[in-house]
Amino acid sequence: MLRLHEDPLAREELIRSYLKRRLDRLTSEAFEAHYLSCNECFDELRTTDRILSGLTNAAVVRRERDRVVVIDFSGPAQLVRESPVARQLEGILHQGDSRVLVDLSKVSRIDSAGLGVLMTCYSHVLRNRGMLKVLRPSEDVRRLLSLTRLDGVVEAFDDETAAIQSFTN
Amino acid sequence: MQIDQNTLENIRLKLSYKVRYHLGPFCPDIDDVVQETLSRILSAARDQRIRNPESLGAFASATCTNVIHEYRRGLWREVPAELDVTRPDPSVSVMEQLEMQNLIASTLAELPERDRVLLRAFYLEEKTAEEITRDLSFTESAFRVALFRARERFRKISTGTLKSEARGTH
């Protein structure tokens with residue numbers, strides 16, 4: 001018997017385990033049977049689901065490989081006006097970064113604001129006498145780079161090793 | 001037993017959530033599975049097989065689990081194993097999913113840093129209450145209050161954001 005209304009923290013722990021699929025089958029079924037008839041618990045479940053998806057999706061991740069800063073997106077992302085990943089990208093570069101590779105493979109869409117953010121990163125790197133390149137842009141993003149003639153400025157690669165090596169050539 | 005329209009819509013919403021949880025958000029047949037479940041529930045209610053209204057939720061959940069199992073068995077018979085039947089269709093749903101992600105992420109970005117640290121520690125890093133109270137210098141009761149206030153702020157902002165988004169698109 002689940003006691004979901006007696007201890008809100010215990011309920012949150014149970015919801016967290018349900019969403020991470022860590023409950024055993026019986027407990028999971030008991031919880032589903034409960035939320036099908038309880039609006040309060042269903043509302044809590046949806047709120048937690050949203051919080052978790054916001055925390056897990058599409059963070060901008062920075063790593064270094066052979067003295068090149070590689071920027072990845074941890075999940076599907078859009079570089080568009082007001083998008084959090086665009087804001088994160090803007091702030092992820094460090095003062096002295098001069099070799100930057102942005103992996104765009106998970107970016108499905110870029111609008112003018114997103115392009116602006118990319119160009120801000122480009123200018124930052126240029127000020128450090130460096131270079132910004134992009135990795136695996138989708139066809140749509142490639143077309144946009146071409147339309148705006150940025151493909152002549154920002155070199156695109158399909159292979160990370162080749163892209164990394166290009167910084168030393 | 002009679003099931004009124006409001007109850008039916010409420011169950012439909014929750015069944016959609018459950019089916020999406022089990023079959024994945026991009027499964028193309030979510031609505032069909034929900035519909036099949038609802039028709040079985042209505043038929044059971046008509047035949048007086050659900051006597052106690054309080055057991056409606058449990059009945060609906062169990063019926064839905066059966067329909068999901070049947071759906072999976074049906075797919076296993078018809079679709080070669082190497083095909084991923086829940087593979088996202090490159091259609092509107094993917095874009096909607098991404099837009100929803102952006103909305104949720106911007107809601108999180110609007111929260112105070114302390115709320116974000118707390119939510120990340122509890123939900124993402126799955127720390128226990130003891131670990132969080134130790135790491136963030138909370139007493140246990142202060143931690144409980146802070147967690148539920150952070151959730152409440154998230155809920156308020158996200159409800160406002162989703163409503164204004166809906167007004168903007170319709």
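The values are calculated or read from the model by the stated rules, or taken from the named source; none is laboratory data. Treat the numbers as computed from the prediction; the structure is a model and nothing was measured. With ideal geometry, Cβ positions are generated from the backbone for all residues, glycine too; neighbour counts draw on all protein chains shown.
Go through the range B:116-148 and give me each residue that's at the interface with another protein chain (Cβ under 10 Å from one of its Cβ atoms) and part of a loop (DSSP other than H, G, I, E, B).
Within the range B:116-148, B:E125, B:E126, B:T128 meet the criteria.
Checking B:T63 against (1) more than 12 Å from chain A (Cβ to nearest Cβ); (2) under 20 Å from B:Q2 (Cβ atoms), only one condition comes out false. Which one?
Of (1) more than 12 Å from chain A (Cβ to nearest Cβ); (2) under 20 Å from B:Q2 (Cβ atoms), only one is false for B:T63: (1).
Return yes when A:H94 is more than 23 Å from B:I104 (Cβ to Cβ) and in contact with a Leu (Cβ under 7 Å, 6 or more places away or on another chain) and no when it is not.
Spelling it out, it is not the case that A:H94 is more than 23 Å from B:I104 (Cβ to Cβ) and in contact with a Leu (Cβ under 7 Å, 6 or more places away or on another chain).
With the checklist (1) surrounded by fewer than 21 Cβ atoms within 10 Å (Cβ to Cβ); (2) within 12 Å of chain A (Cβ to nearest Cβ); (3) assigned to a helix (DSSP H, G or I); (4) in contact with a Ser or Thr (Cβ under 9 Å, 6 or more places away or on another chain) in hand, flag the one item B:Y21 doesn't pass.
If we test B:Y21 against (1) surrounded by fewer than 21 Cβ atoms within 10 Å (Cβ to Cβ); (2) within 12 Å of chain A (Cβ to nearest Cβ); (3) assigned to a helix (DSSP H, G or I); (4) in contact with a Ser or Thr (Cβ under 9 Å, 6 or more places away or on another chain), just (4) comes out false.
What number goes with the only condition from (1) at pLDDT 80 or above; (2) more than 17 Å from the chain's Cα centre (by Cα) that B:A109 does not pass?
(1)
Based on what the data block shows, is A:D49 more than 8 Å from every other protein chain (Cβ to nearest Cβ) and farther than 30 Å from B:F59 by Cβ?
no
Within the range A:12-26, count every residue that is more than 11 Å from every other protein chain (Cβ to nearest Cβ) and either in contact (Cβ under 8 Å) with a residue 12 or more places away in the chain or not in a helix (DSSP H, G or I) (or both).
Summing the residues that are more than 11 Å from every other protein chain (Cβ to nearest Cβ) and either in contact (Cβ under 8 Å) with a residue 12 or more places away in the chain or not in a helix (DSSP H, G or I) (or both) in the range A:12-26 gives 3.
Would you confirm whether or not the range A:1-9 contains a residue that is in contact (Cβ under 8 Å) with a residue 12 or more places away in the chain and charged (D, E, K, R)?
no
If you check every pair at least six apart or on different chains, which have Cβ atoms under 8 Å apart with a residue in the range B:121-134 that is touching a residue at least 12 places away in the same chain (Cβ under 8 Å) first and a residue that is charged (D, E, K, R) second?
B:A121/B:K127; B:A121/B:E131; B:A121/B:D135; B:F122/A:E12; B:F122/A:R16; B:A129/B:E140; B:A129/B:R144
Within the range A:86-112, how many residues turn out to be touching a Gly at 6+ places or on another chain (Cβ under 9 Å) and within 12 Å of chain B (Cβ to nearest Cβ)?
Of the residues in the range A:86-112, 3 are touching a Gly at 6+ places or on another chain (Cβ under 9 Å) and within 12 Å of chain B (Cβ to nearest Cβ).
Consider B:E36 carefully, then state whether it is more than 10 Å from chain A (Cβ to nearest Cβ), modelled with pLDDT under 90 and assigned to a helix (DSSP H, G or I).
No; evaluated as a whole, the condition is false for this residue.
Condition first: more than 8 Å from every other protein chain (Cβ to nearest Cβ) and of a type in the set (S, T, N, Q). Can you find one or more residues in the range A:27-39 that meet it?
yes
Considering only the range B:41-54, state which residues are surrounded by 16 or more Cβ atoms within 10 Å (Cβ to Cβ) and at pLDDT 90 or above.
B:I41, B:A44, B:A45
Among (1) polar (S, T, N, Q); (2) at pLDDT 90 or above; (3) part of a helix (DSSP H, G or I), which single condition is A:S53 missing?
(2)
Go over the candidates A:S98, A:S83, A:S166, A:S146 one by one and state the one that is hydroxyl-bearing (S, T, Y), modelled with pLDDT of 90 or more and touching a helix residue (DSSP H, G or I) at 6+ places or on another chain (Cβ under 8 Å).
Every option except A:S98 fails the conditions.
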